[in-house]
Structures are given as structure tokens and as C-alpha cells.
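Trainee: This is the structure, below, for whatever I ask next.
The values are calculated or read from the model by the stated rules, or taken from the named source; none is laboratory data. In this text the structure is predicted, and so the values were computed from the model without any measurement. Cβ coordinates were reconstructed from backbone atoms using ideal geometry, including for glycine residues, and neighbour counts include every protein chain displayed. Ligands, DNA and RNA are stripped out before the accessible areas are found, and what is left, the full protein with its side chains, is counted by its heavy atoms. Shrake-Rupley method; radii C 1.70, N 1.55, O 1.52, S 1.80 Å.
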Amino acid sequence: MSLSPYAFDEETTIDPEQAQRDDVAGRTPTRGGRVAMRVLPPLLLLVVAAGLWELVSYVFLDPSRRFLLPPLQQVLQQSFLVGANLSSLAGAFGVTAELALVGLVIAMALGISIAIFMRQSLFIERGLYPYLVLLQTVPILALVPLIGFWLGFSTTARIVVCILIALFPIIANTTLGLNATTTAQLDLFRLHRAGRGRVLRKLLLPAALPAMFTGFRISAGLSVVGEIVGGFFFQRGPTDLGILINSYVDVLNGPLLFGAIIFSALLGVIVFWAFTALAKVACGAWKE
Amino acid sequence: MKKNAKVSAVAVLAGALAGTGTLGATAASASPRDAHAARPTATASSLAGICPSTVKIQMNWTPEAEQGAYYELASSSGTINASQKYYTAPLIDPATGAKTGVKVEVLAGGPAVGYTSPERLLYTDSSILLGMDATDSQIEAFSTSPTVGVVSPMYTYDNVFFWNPAKYHFTAIKDFAASNATLLSFGAKTPLNSFLEAKKWITPGQVDGAYNGTPAQFVATGGGVISGGYATYEPYFYAHQLSAWDKPISYELIANTGYNPYSEDTFTTPQNVTRYASCFKKLVPMIQQAQINFEQSPNRVNQLIVKLDDAYKIGGGYNMAVGTYAAQTLLKDRIIANPPRGGFGSFTMKRVNTLIHLLEHTHSLTGLPANFSASKIETNKFIDPTLEIAYHGPYNNVGGVITER
């Protein structure tokens, strides 16, 4: 078997902790058993959470206050089985996904470029970094009125919120990754008279990929959050999940409010999975 | 949100136009000075060449019956920009029904513009000719975004405080302090709160400034809080459309306390007052007339408003029942009424000066010019003083507590 970390794929991945537990138990789990061990714990937790949800909703909440936590079956029925509601939620889900993705792609391009730029000299890195930290620490809500004045109250403003909120983790992780190469590796490239471009392409960027994908995964979730927050304030343009959540709150429509929250969470999970999968394709399973 | 969902029912006011309505409004011909009085000629209707080719008017909230005058100016054959949340249509002279040769564009505010004030928007988009907001907001914004009011389609401030009558038996807003009940307010240090605290009718400890206009806290506490709202919306919405409450609420107009800004002070920039003087001389009487027409027959415009809210998809949705209730309440609570003098839609300078004085002394306003007074922010020079609205009741108990059942 190759010792290269890139040689493993998901089928041959061995969880050392699980293997140790199996050894202790004196058994070799089947593939079905391994899948069950992965799926069952979250499934059981889901059943317990759903039970608690129904208990609180039906037993502890007075009917007049049930909008605070509407029964789960009512949430699912209203959100997924009523055509008009599902259509609204699915449409808003699509808009949020599209704008968050546009924001994320721009943040990725900007973030990687800035990190590479900073890698070129310590002077540039020291010059830029404090302002990037400042950008990260300014509450995004404080910038909202300004973004509206400058860019209007439509989709451009929402995308800018996504970029601002998603940018820093990409820069920080890419910088971390670019600085992860050892002196020996760099010396080897210098020995072969590799130029800056080649060092970047052949050494720095491949070595930085795992860290970069960690940044993308964090930022993907943040971009979804940014789009929904943007929708609270910039309500021109197509209806997204933020706008829908606002309108459901206005009339205390608890079931659909929770439905919109479920759709929002679903989108977050999808982007998390997508970037986990992409990371595996790009870096190999060893990192995961 | 501050204001939102709304609804349908036909026509008490439409009936009133025929003299049979429950409100008892007189027919259009009842007074030579009201509604459809044959004022201008077809030529007088033309705004082409003196007004911008598209008269843009910025609202302070999403479409609702309180904005009836502005939508009354627009023909029903306009186009809806659902994405950017505005409605563009030929501007019709409400006195004659004739086209004026220009278009009107009514821009939704509030959530449609990131809650940016119309005063500010007049300065960020110079193509907007008129904005609409309450006079206290206009005064507060004056140091950075000065504006001059040219007409006020509403006479009395339409904001209210409302409460659960089963829990609190207030006889007036001045009873609030003694109850120590939490008061939900849009911001803690508002001019209104400063005024009421100075009067000792509320205490600073009572105020929860985090209110965002949703019914959640009121309902979740079983009506254990006092809430800010609008006479035209919350009383009906809570009593008839909010399934989680569905009980009567009581309210009192804040105007009764002496805090009485114009709710829909319609203004432009000081530069525009001169630049578009010829335009305003014709346009302002049209706005006056449009409000009168809307109150006499609100259905067409309410239907348009419902259609716009459906298209814009922001806020909780609006429906004809709320729109009809709002149009009636505006008259029954004397929110739309004739001033003592000066003509429908005119400003009473003494009232504005009282408000300025009150804000200066209770709210520590800063940045206002020396000798700041009503004449700096309001003008009646474009008002047609002959226009009046005809309405002969019935009225609600507008001097005290009103309960919507």
C-alpha cells in the first residue's frame, strides 16, 4: 500500500479510534454496521429532539402561546405539504442559495488573491493584516445603512454583505496554508531555480489547499448567514429566506417561520457537505 | 415590523358616497368646496414642463391605506416594479380625471429601503421630488437632511398606545406610569418617550426600546405589556386577524397627550421649493384632492395597494379588510380632518412650533439653526385653501380610550 496521504479514498479510510474500539470488542464490523453506526446516533437524537419538541408544544405551551414553538407536525405539514407555502419557501431557498454562492465565489477570489499578495512580502502582510482584522471586527449591522446608501437596497447590497462576512476566514486560512511549507521544501525549489510563479503553483498553493478548504467551508456557512441577514435589510430584488422570515414574524406565522428556519439550516448543511466533498476531491481523504 | 399585514370588506365608505353608508359621509356634491368640486380646467391639469416627467414620491413604509392620496394620483394602468418596489403610472388630476402629461412613481419605504428615512433618501437620490414622514422625524433629520413640508394629507398623529383591556383599565396614557407595565417602543430614547417621561406619564424603567413592531411579545406575555402601534392597523389586526390573540384591544391616540406631529408630512428639499414652485402650485392641490377622493371611495386604491403588497412580498401582506378598516378609522378617529383654518392638508404653524419647542426642551435636539421655527420646515404657499373634506361622523371616542372589538 502506498504511504502517500493522497492514496486513500473514502472506501479505504480507517477511523483509528473506531478500529481500536472494534479491536477491544473483538469484532470486525461489516460495512452495513459501519453505516448504521454513522446514521443511527444522529437519527436517534433527532427522534428524541422531535419528541421533546412535541412535548413542549402540546403540554407546556398554552394554545395562545403555541406560536413560540408550533407543533413539529404542523411545521412540516404547513411548510412541505401546502403547495403555495412550499413554492414560496423553495423559491426563497433558491434565491438565497444563488446570492450566497455568488458572494462566496467573489469572497474566495478576493480572499485567495489578498492572501497570495500578502505572502509576497512581510511588509505587505504587516500593512494589510490589521485592516483585515478591523474588517472582521466591525459589526456588519453597523455597515448596513452605508451599504444601502452606496449600493442601493437590492441584491448587490445583499451580495456585498455575504462577501464582507465570508472574506476573513478565507484570507486567514489561505495565509495559514501558504505559510505551512517548510524551509527545506522551499530550498528544494530554489535549488531548481524555480521562479515565484512556479513556487506558488507547484508548492505553496497545493500545500495550502487543505487549509484553504477549511476556510471555504467556514465561509460557505457564513455566506448563507450573510445573505439571510442582508435580506432583513435589503428587501428590493427577489424574495429570499431573510425577507420571508421577516414577513412571517410580522404576522406571527410560527409554522412557516420554523419552516423558513429549517430551509435556512438545510442550505447551511448542504454547503457544508458540498465543501467537505470538494475538499476530499481536491486534497484527498487524508485531511478529513 | 412597524406596520404590516392588512385586509378586505367592501365599502362602507363607498356606500357613504351614495349617502347610505354607516359613516354618514355626504355625497360628493354635498359641498361646493369638497371632493369632486369642479375646480380646474383640463388645461389647468397639465404638469408637463413644470414638473419632472416622472414625479417620484418616497413613502415611509410599504403600501397601505394611509398612503391613499399618493396612489389616488396614479391611474390603475401603471406598471409594478416588484423587484425594486415601486409603482409607476400616468399622474391623473383627481379633480378632473384628466391626464397631467407626467407620470407618478410611488416608491415603497421602510423594509424596501433598508429602513432609511425618506428625508435621507431625498438627498441620496435627487430624482425623488417628494418624501413623506412624520414631522418629529423631519425635525430630527433637519440638521443633516433639511426638508420643507408642502402638504399634510393627515391632520392628527395616527400613532397610538394599545393594551389588553382585560388586564389594564387605563383611562388615559397618563395612567401608564402607575401601572409600571413594560412599554414596547421603537427605540428607548425617542422624542415621544422623552416627552412622556418629562410629563411623568411613563418612567424610563418601563420602556423596552427593542420593539420591532411584531406582535410576539404582546401575545407571549398574554397582553402583559403596553405597545406602540397605529390606529389604522393594530386594533383591527389584533382583534380580527391575529389568531394567536383574537381578542379586543384598547388604544388611545398619542395626539391626546399633546404630542401631535403630522404623520404624513409631505416634503421636498429647500432647493426644490424654489426650483419646482410652479409644479407644486398645481401638484399640491392635486394631493389635497386625492386624499379627499380616496376617503370618499377607497376601494380602487385599496385594491391597488393590496395588489402592490402581493407583488412586493415584503411585510406580512395587506388585504382589503384592513385597508377598508384603515380608511374608515382615518375619518372616525379624526386623523383625516379639516384644520381649523387654512384648507385641507395645510399646516398649523403654531402646532409645529409647539412640537419644536417640546422637542428642544425634552429631547435635547442638537444641530438645529438658531431661531429654528415652523416656517423653516413647513409652507402653506402651495395649498389650495378652498379644499375641504366632508364627513359628518360617526366618530370614535377620539379624546379618550377606544376599544376595538
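Trainee: Using Cα pairs closer than 8 Å and at least 6 residues apart in sequence, work out the relative contact order for chain B, in percent. Write down the numbers at each step before the final one.
Mentor: Working: 898 pairs, mean separation 114.7, N = 405.
Here the relative contact order equals 28 percent.
Trainee: Under 5 Å between amide hydrogens, which residues at least 5 positions from residue B:103 or on another chain qualify, with H placed 1.01 Å from N in the peptide plane?
Mentor: B:54, B:55, B:91
Trainee: Report, as an integer, the average count of C-beta atoms from other chains found within 10 Å of each Cβ along A:237-247.
Mentor: Other-chain Cβ atoms within 10 Å of each residue's Cβ, averaged: 3.
Trainee: If DNA, RNA and ligands are ignored and the probe is 1.4 Å, what is the ranking of A:264, B:364, A:79, B:179 by accessible area, most exposed first? Working shown, then result.
Mentor: Details: A:264 20, B:364 90, A:79 0, B:179 40 Å².
Putting A:264, B:364, A:79, B:179 in descending order of accessible area: B:364, B:179, A:264, A:79.
Trainee: Please give the peptides B:278-287, B:207-216 ranked by average Cβ packing (other Cβ atoms within 10 Å per residue), highest first, as a rough proxy for protection. Mind dumping the intermediate values first?
Mentor: Numbers: B:278-287: 21.9, B:207-216: 17.6.
The peptides rank, most packed first, as B:278-287, B:207-216.
Trainee: Sticking with this one: Tabulate in residue order the Karplus-calculated ³J(HN,Hα) for the stretch A:250-261, using 6.51 cos²θ - 1.76 cosθ + 1.60 with θ = phi - 60°, rounded to whole Hz; enter x for Gly and Pro.
Mentor: 3, 10, 6, 8, x, x, 6, 4, 5, x, 5, 5
Trainee: Could you check which residue among A:210, A:63, A:238 shows the biggest mean-square fluctuation in a GNM of chain A with a 10 Å Cα cutoff?
Mentor: Of the options given, A:63 has the highest mean-square fluctuation.
Trainee: Which percentage, to the nearest 5, of the DSSP beta bridges contained in chain B is antiparallel?
Mentor: Taking every DSSP beta bridge within chain B, about 65 percent pair in antiparallel fashion.
Trainee: Same structure again: Tabulate in residue order the Karplus-calculated ³J(HN,Hα) for the stretch B:157-169, using 6.51 cos²θ - 1.76 cosθ + 1.60 with θ = phi - 60°, rounded to whole Hz; enter x for Gly and Pro.
Mentor: In residue order, the calculated couplings are 4, 8, 6, 9, 10, 10, 8, 8, x, 6, 9, 10, 10 Hz.
Trainee: What average count of beta carbons from other chains do you get within 10 Å of the Cβ of residues in A:227-235?
Mentor: 3
Trainee: In the Gaussian network model of chain B, springs joining C-alpha atoms below 10 Å, which of B:389, B:50, B:139 carries the largest mean-square fluctuation?
Mentor: Top of the fluctuation ranking is B:50.
Trainee: Considering the convex hull of the alpha carbon atoms of the stretch B:147-222, report its projected area averaged over all viewing directions, in nm², one decimal.
Mentor: The number I arrive at for the stretch B:147-222 is 6.7 nm².
Trainee: Can I ask one more? Taking θ = phi - 60°, what integer Hz values does the Karplus form 6.51 cos²θ - 1.76 cosθ + 1.60 yield along the stretch A:75-82, in sequence order, with x for Gly and Pro?
Mentor: Along the stretch A:75-82, the couplings run 4, 5, 5, 5, 7, 10, 10, 9 Hz.
Trainee: Among the listed pairs B:199/B:350; B:174/B:200; B:174/B:350; B:247/B:313; B:56/B:99; B:281/B:350, which have their C-alpha atoms separated by more than 18 angstrom in this model?
Mentor: Over 18 Å apart, Cα to Cα: B:199/B:350; B:174/B:350; B:247/B:313; B:281/B:350.
Trainee: Given springs between every Cα pair under 10 Å in a Gaussian network model of chain A, which of A:108, A:118, A:212 has the largest fluctuation?
Mentor: A:118
Trainee: Any chance you could look up the accessible area of residue A:183 with a 1.4 Å probe, heavy atoms only, rounded to 10 Å²?
Mentor: We get 100 Å² for residue A:183.
Trainee: Now for a different question. With only Lys, Arg, Asp and Glu charged, each at its Cβ (+1 for the first two, -1 for the last two), find how big the charge dipole of the stretch B:194-266 is about the Cα centre; round to the nearest 20 debye.
Mentor: Using only the charged Cβ atoms, the result is roughly 220 debye.
Trainee: Apply the a/c threshold of 1.5 to the C-alpha gyration tensor of chain A and tell me whether it is rounded, prolate or oblate. List each step's numbers first, then the result.
Mentor: Numbers: a/c = 2.84, a/b = 1.27, b/c = 2.24.
It is oblate, given that a/c is not under 1.5 and a/b is not larger than b/c.
Trainee: Counting only other chains, what is the mean number of Cβ atoms within 10 angstrom of the Cβ of each residue in peptide B:237-244?
Mentor: 3
Trainee: Any idea what the relative contact order of the stretch A:70-287 is, in percent, if you count C-alpha pairs under 8 Å spaced at least 6 apart? Walk me through the intermediate numbers first.
Mentor: Values: 270 pairs, mean separation 68.9, N = 218.
Dividing the mean separation by the residue count of the stretch A:70-287 yields 32 percent.
Trainee: Follow-up. Once Lys and Arg get +1 and Asp and Glu get -1 on their Cβ, which of B:345, B:322, B:335 lies farthest toward the positive end of the dipole of the stretch B:262-393?
Mentor: After comparing all options, I get B:345.
Trainee: Counting DSSP beta bridges in the protein assembly as shown, what percent are antiparallel, to the nearest 5?
Mentor: Around 65 percent of the beta bridges assigned by DSSP in the protein assembly as shown are antiparallel ones.
Trainee: Still on this structure, I have one more. Leaving ligands, DNA and RNA out of it, rank B:121, A:52 by accessible area with a 1.4 Å probe, largest first.
Mentor: Sorted descending by solvent-accessible area, the residues read A:52, B:121.
Trainee: Once label points are set 7 Å from the Cα along Cα→Cβ at both residue A:183 and residue A:38, what is their separation, rounded to one decimal in nm?
Mentor: 4.2 nm
Trainee: Separation between the residue A:274 and residue B:386 pseudo-spin-labels, each 7 Å from Cα along Cα→Cβ, expressed in nm?
Mentor: So the label points at residue A:274 and residue B:386 sit 6.6 nm apart.
Trainee: Rounded to the nearest 10 Å², what accessible area does residue B:403 have for a 1.4 Å probe in the complete protein model?
Mentor: Here the accessible area works out near 50 Å².
Trainee: For chain B, what is the charge dipole size about the Cα centre, in debye to the nearest 20, if Lys and Arg each add +1 at the Cβ and Asp and Glu each add -1 at the Cβ?
Mentor: Values: 30 positive and 29 negative charges, 81 e Å.
Using only the charged Cβ atoms, the result is roughly 380 debye.
Trainee: If you don't mind, there's one more thing I want to ask. For B:225, A:160, write out the residues from largest to smallest accessible area, computed with a 1.4 angstrom probe and no ligands counted. Intermediate results must be reported in sequence, preceding the final value.
Mentor: Details: B:225 5, A:160 35 Å².
From most accessible down to least: A:160, B:225.
Trainee: Hey, how many Å between the Cα centroid of the stretch A:35-75 and the Cα centroid of the stretch A:168-243?
Mentor: Going from one Cα centre to the other spans 38 Å.
Trainee: Continuing with the same structure: How big is the charge dipole of chain A about its Cα centre, in debye rounded to the nearest 20, if each Lys and Arg gets +1 on its Cβ and each Asp and Glu gets -1 on its Cβ?
Mentor: 900 debye
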